[in-house]
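Participant: Please read through the structure below; I'll follow up with questions.
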Amino acid sequence: MPTPPQLASLVALLVAADPVDDPLEFERIAHTPASVLALTVLATDGGPVVASLDVERGTGDRLRIRDAHTLEILAEHAPESDRRLRRLASGTHDGQPVVAVGSFHSEGRSRHRPGRPRWSVDLVASDGKRVLRRAPATDAPPVERLFALAAWRDADGKGGWLSGEVPAGGEPRLVPWRDGPETEPWSLELDQGPIVCVADDVTTDGVDELAVILCERGARHSRLDLLDTAHGTTLWSVPAPATPDATHVVRLADLDGDGHDDLAVAWTDAPSEDGFAAGLGSLTVHSGADGATLWSVRGTERAEALGICVTALPDVDGDGVGDVLCGALSGDTEWGREEGDLPDFRPILRVLSGRTGDERARLAIDGGGCIVAGLSAAVVDVSDDTVTLAVGTWAWAAANKGPGTTPGLATYRLTRAAPSDER
């Protein structure tokens, strides 16, 4: 990874559009160099902590637990030397906060041929100690792909987990579990290429529903389904908005006031002409109750990749409706191209109105000269006046020239606008 320079700009300030009169201000609290593949937040007795998957060349992948405000490392979990960390989710186990970490190693790998991956999931406490490993039994087919990992609530109301798995020689499936491989209450067979998130309990039967992006074999376009997990049936289905692939589906707050949390889907566009990155990108918000489209926004810049990350926000613009944090890329994509250099992408976070999708504010992470391959964000805590966010970036290639983007982990304080009835 490139050596991270000092981040420019400690504060990004923009005046938000109507109906907000107050400016929405981003202030950076802390920053640490890291190449962050994924992050999540744990609520511990000592306060919130940030858990991140840090990808490092030479030293191997690490799960690091940091103080949410200072980013001081409190604990670290290092897997076996041949394992790669790739999936991360937060939840509880036996009443204590834990993170679920999906990792794999390649079996039978040789110098000239990569081995077949074998996936497992570790539950790790906030002190960095592993409390459980979930892996197939020795006589069962290995898991060759882990496409989803999330906390999930089943019929008895107890916390559990949901894995999206592809066993060797098998089909993609969703498997809920609690204490290990022997407690699997059901398995749901899926079509090819699912993207999954846990959704609101629309049927009010005490079991979380699942929002799933599916692309059937031979189909040119994806669709979004809401599954009744208690019965394995589809509650509603909506087609993709004319693009074949999705990158995220995320549970939001109840934006339309119907009593059910809504869903955001980030869709990709066709590749740009040079093939370097996805095109404009788009974000569509659907009613969690029936799938109706509430609003949709599309990127406006070439290779913008709007929706590279999506996070639910509380109401920050003061209109009484929860909002959305949406990631994108921006910058001089033609920089250095005549000499064959890589394009220059900079990560940007946009605050979008949950009511209309209009942009209320943005935070640009300055730098350049690097392909930013990943951007992740999570809400750390919320007060009456501010929302604290953890933001991580992951860069996989440095350009030949230029100052260099800073892959890193940072926390920001976003000042909330006063509610409309207080202005």
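What follows is calculated from the coordinates using simple rules that are stated; it is not laboratory data. In this text, all values refer to a predicted model and were calculated from it rather than measured experimentally. We place every Cβ from the backbone using ideal geometry, glycine too, and count neighbours over all the protein chains shown.
Participant: Within 10 Å, count the other beta carbons around each residue, average over each peptide in 359-365, 199-205, 49-55, and list them highest first.
Facilitator: Ranking the peptides 359-365, 199-205, 49-55 by packing returns 49-55, 359-365, 199-205.
Participant: Please compute the length gained on full extension between Glu56 and Asp290, using 0.36 nm multiplied by the number of residues separating them and subtracting their Cα-Cα distance.
Facilitator: So the extension gain works out to 79.9 nm.
Participant: Could you compute the FRET efficiency for Asp228 and Arg145, with r as their C-beta to C-beta distance and R0 at 25 Å, rounded to 0.05?
Facilitator: After rounding, the FRET efficiency stands at 0.50.
Participant: Something else: Of the trypsin sites (Lys or Arg not before Pro) in region 30-73, which ones lie in a loop per DSSP and count no more than 15 other C-beta atoms within 10 Å?
Facilitator: Arg57
Participant: Between Glu359 and Trp236, take the C-beta separation as r, use R0 = 25 Å, and let me know the FRET efficiency to the nearest 0.05.
Facilitator: Once the sixth-power term is evaluated, E becomes 0.30.
Participant: How long is the gain from Ala135 to Asp384 if the chain were fully straight, where each residue apart is worth 0.36 nm and the alpha carbon distance is subtracted?
Facilitator: 85.3 nm
Participant: Once phi is turned into ³J(HN,Hα) by the Karplus curve 6.51 cos²θ - 1.76 cosθ + 1.60 with θ = phi - 60°, what whole-Hz value does each residue of region 35-46 show in order, with x for glycine and proline?
Facilitator: Values per residue, Gly and Pro as x: 10, 9, 7, 7, 8, 8, 10, 10, 9, 10, 4, x Hz.
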